[in-house]
Structures are given as structure tokens and as C-alpha cells.
1. Compute the Cα gyration tensor for the chain, then decide on rounded, prolate or oblate, letting a ≥ b ≥ c be the square roots of its eigenvalues: rounded whenever a/c is under 1.5, prolate when a/b is larger than b/c in the other cases, and oblate in all that remain.
2. Would you mind classifying the stretch 168-284 by shape? Square roots of the alpha carbon gyration tensor eigenvalues, ordered a ≥ b ≥ c; an a/c under 1.5 is rounded, otherwise it is prolate if a/b is larger than b/c and oblate if not.
3. Could you give the length gained by full extension between A336 and E257, i.e. 0.36 nm per residue of separation minus their alpha carbon distance, to one decimal place?
4. Kindly state, to the nearest 0.05, the FRET efficiency for L271 paired with D171, given R0 = 25 Å and r defined as their beta-carbon distance.
5. Based solely on its DSSP helices, what 222 nm [θ] is calculated for the chain when runs of n ≥ 4 H residues each add -39,500 (n - 2.57) and the sum is averaged over all residues, nearest 500 deg cm²/dmol?
6. Quote to one decimal, in nm, the extra length available between H311 and E19 on full extension: 0.36 nm per residue of separation minus the C-alpha distance between them.
7. Multiplying the sequence separation of L9 and N151 by 0.36 nm and subtracting their Cα-Cα distance, what value in nm do you get?
8. Based on the mean of other beta carbon atoms within 10 Å per residue, what is the order of 117-124, 339-346, most packed first?
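Computed from the coordinates by the stated procedures, all read-outs in this text should not be read as laboratory data. The model shown is predicted, which means the values in this text are computed figures rather than measured ones. Here the Cβ positions follow ideal geometry from the backbone for every residue, glycine too, while neighbour counts run over all protein chains shown.
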Amino acid sequence: MRPIQMVDLKQQYKQIKTEVDAAVLNVLESSAFINGPQVQSFAEALSRYIGVKHVIPCANGTDALQIAMMALGLQPGDEVITPSFTYIATTEVIALLGLKPVFVDVDPKTYCIDIEALQKAVTPKTKAIVPVHLYGQAAKMEEMIKFAVANNLHVIEDNAQAIGSDYYFSDGSTKKTGSIGTVGSTSFFPSKNLGCFGDGGALTTNEDELATTLKMVANHGQSKRYYHDIVGCNSRLDTIQAAVLEIKLKYLDSYIESRRKVANYYDEAFLENPKIITPYRADYCKHVFHQYTLVLEGIDRAGLHDYLVQHNVPSMIYYPVPAHRQKMFASFGTGAINLPVTDWLAERVISLPIHTEMEEEQLHYITSNVLKFLN
Ligand SMILES: *Cc1c(COP(=O)(O)O)cnc(C)c1O
């Protein structure tokens with residue numbers, strides 16, 4: 001049996017080595033390291049895949065969120081509603097731009113932003129909502145978009161964990177996550193479902209004018225060379241990364257299927273266990289399982305983690321400290337916020353290895369060790 005890792009990037013690379021090596025060598029030989037033609041061709045391929053008019057590549061997923069908020073013209077003091085139960089990047093950029101993060105609770109089944117809670121959190125200062133498609137499952141977008149349109153709010157989809165996920169609307173139509181809100185942001189961090197060989201990110205939108213502004217913000221606010229109309233930043237996707245992504249995008253659907261197979265195996269092994277809550281699968285979307293995360297009821301989580309470590313099985317806690325309990329946000333009066341579902345999750349979640357190269361033997365070994373600890 002191969003050693004078990006949370007994500008096995010080396011094994012995945014081996015499968016596409018010939019193709020990827022040639023593409024990278026091609027960039028080296030052309031030496032068009034910045035804005036080489038692969039950046040544009042990858043952006044076009046991704047826009048076709050997601051079914052969105054514009055894809056604006058950038059340096060990473062955190063930048064993508066920041067660029068979205070800058071391009072939407074959010075001003076210091078504006079309020080942005082976001083779940084507290086997410087990776088820090090989602091919430092950090094809000095504060096970085098002088099905006100006010102308004103943390104709301106998550107749905108106890110999907111662990112994504114709770115629609116009722118976000119509706120209650122709106123004030124006259126609210127300008128945007130940032131839903132996070134956590135662990136690879138979409139937030140409830142249909143209701144959210146209706147509410148956002150009625151209340152004149154922007155929706156920035158944090159799609160870093162759910163690229164490729166389909167959303168099924170009640171009228172029978174389907175859209176991919178990242179094409180539903182005003183703008184979507186995603187990350188190509190190596191361990192993400194579509195990962196490059198370093199840092200990378202992108203923005204997705206159907207709005208022409210916004211796309212132009214996003215492009216400008218990512219490029220020093222430049223309208224034409226050396227003419228800078230608005231304050232921007234420098235955030236680019238390297239040509240080498242774009243070349244890698246162009247190849248990996250062709251495999252994204254098969255990567256997603258591999259992940260879903262792993263999730264099915266885990267589900268089956270744990271389904272009958274009353275102490276384990278397996279991931280809920282909302283009927284409105286396709287879960288792409290960036291993570292496979294269990295909620296443990298009445299089980300010593302640290303004990304399970306240590307037991308697995310002793311048996312060479314890694315596991316992770318995503319995320320042990322929710323945003324509203326981070327020192328970073330203390331000045332926003334977060335000490336007084338009560339988010340019971342978020343706190344319940346932060347104490348009980350544990351994520352097991354999931355990636356595209358897992359073998360049945362490994363899955364058998366992992367699940368039998370988890371179950372051994374429980375019995
Ligand atoms: C990974 C991630 C990001 C940030 O992406 P980077 O490319 O690491 O900057 C943002 N939001 C979520 C939910 C993520 O998982």
C-alpha cells in the first residue's frame with residue numbers, strides 16, 4: 001500500500017507528466033513568463049467550462065476576493081456578510097479593505113451560509129454577501145440571489161473549494177458555481193480540486209463592465225499602458241501555471257468523479273454509525289468533495305486524530321477556530337457574537353484524506369482504523 005496523504009500531488013502529476021512537462025518546457029523555451037498566450041487560452045477554456053462570459057486570471061484565491069471587492073467599489077465602513085466558518089482568506093480581505101465583516105452562522109446540514117441568518121444581518125450599510133461553497137458543496141444560491149437582487153446587494157461567490165460543481169435551479173436549469181453570483185473567485189492552490197504547481201487564482205463573471213474593472217484592478221488600475229485610472233494591485237497568473245492548468249482542466253471532471261467515489265466509499269463505511277455524521281448532499285447541487293469532513297458526536301476528536309497518526313493516517317481539522325473567534329477580528333466586537341452551529345462544527349469536524357489517486361486498499365485501511373477507534 002502507498003503511504004496515505006491528505007492529497008497525493010506527486011501521484012497525480014505522474015499520470016500527466018508527459019503532457020505537463022512538454023507544456024512547461026514550451027513556456028521555458030518561449031520565455032514569455034508573464035502574460036504568455038497560455039494565460040489567455042486557459043482563461044478562455046475555463047470560461048467555456050464554467051459557462052461564464054469572463055474569466056480574469058490572477059495570482060491566488062485571496063487576491064481574487066480582494067480584487068472583486070475593489071472592483072465592486074466597496075468603500076470603508078461598508079458591511080459585507082460572510083460565514084464565520086470558512087478559511088481565513090474569505091474574511092481577512094474584508095477587513096484588509098477597511099470594510100466591516102458581518103459574521104453569520106452556517107446551515108447545520110450543508111455547513112454553508114445560513115440564508116435566514118444572512119437575511120437578518122442586513123442593515124442599510126450592507127453592500128455584499130460572500131457565500132463560501134464549503135468543502136465542495138454550494139451554498140443555497142437560488143434563494144440568496146433572489147434576496148440579493150431585491151435588496152440591491154452584490155454576491156461574491158468564494159468558489160475556491162467547489163470549482164466544477166453544478167447547481168440545479170428549480171426551473172430545471174443548471175449553472176456551475178462561480179457563474180451564479182455577481183462575481184466568483186477561485187484558487188488554483190496545488191491542493192485545490194483544480195490546482196497548479198504554485199499559486200494561482202481567477203475571477204469569473206457574466207457582467208461585461210465589471211469584467212473590465214476586474215481586469216484593471218488586477219493590473220495596477222491601468223486602462224492603457226501607463227495610464228492608471230483607479231487604484232489597483234499587481235496580481236497575475238504566471239504563464240507556467242496557466243500552461244499546467246490548461247492541461248489539468250481537461251481532467252477536472254474525472255478528478256471530481258474520483259473524489260466522489262472516495263466519498264461514496266467513506267459514506268458507506270460510516271453510514272450506520274450513530275456517532276458519525278457523514279457529509280450531507282444537498283439535492284440542489286453536485287458535491288465535488290474538496291474535503292471529506294465528518295462531524296463526530298460524543299467522540300474524542302483529538303484521540304481519534306492521534307490514533308490515526310499512530311497508524312500513519314493523516315487527518316485535518318478544517319477549521320478549528322472560526323473567524324469570529326480569531327484575534328484578528330476582535331476590534332469588530334466579535335467577542336459578543338453567538339454562532340452556535342459554527343462553534344458546534346469547529347469542535348467536532350475532522351477531515352479524512354481525499355484526492356484523485358486513492359486506492360481501495362487505502363480506503364479500507366483508513367475506514368477500518370476509524371471504526372476500530374470507535375468500538
Ligand atoms: C484556498 C481558499 C482561499 C484562498 O486561496 P489562495 O489561493 O490560497 O489565496 C479562499 N477561500 C477559500 C474558501 C479557500 O479554501
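1. Numbers: a/c = 1.83, a/b = 1.16, b/c = 1.57.
Oblate is the answer for the chain, as a/c is 1.5 or above yet b/c matches or exceeds a/b.
2. On the way: a/c = 2.84, a/b = 1.92, b/c = 1.48.
Prolate shape, in that a/c is at least 1.5 and a/b is the bigger ratio.
3. Full extension of this stretch gives 24.2 nm more.
4. Values: r = 33 Å, r/R0 = 1.30.
After rounding to 0.05, the efficiency reads 0.15.
5. So the helix-based figure for the chain works out to -12500 deg cm²/dmol.
6. Details: separation 292, 0.36 × 292 = 105.12 nm, distance 3.57 nm.
Fully extending the segment from H311 to E19 adds 101.5 nm.
7. Contour length minus Cα-Cα distance gives 46.8 nm.
8. Ranked from most to least packed, the peptides come out as 339-346, 117-124.
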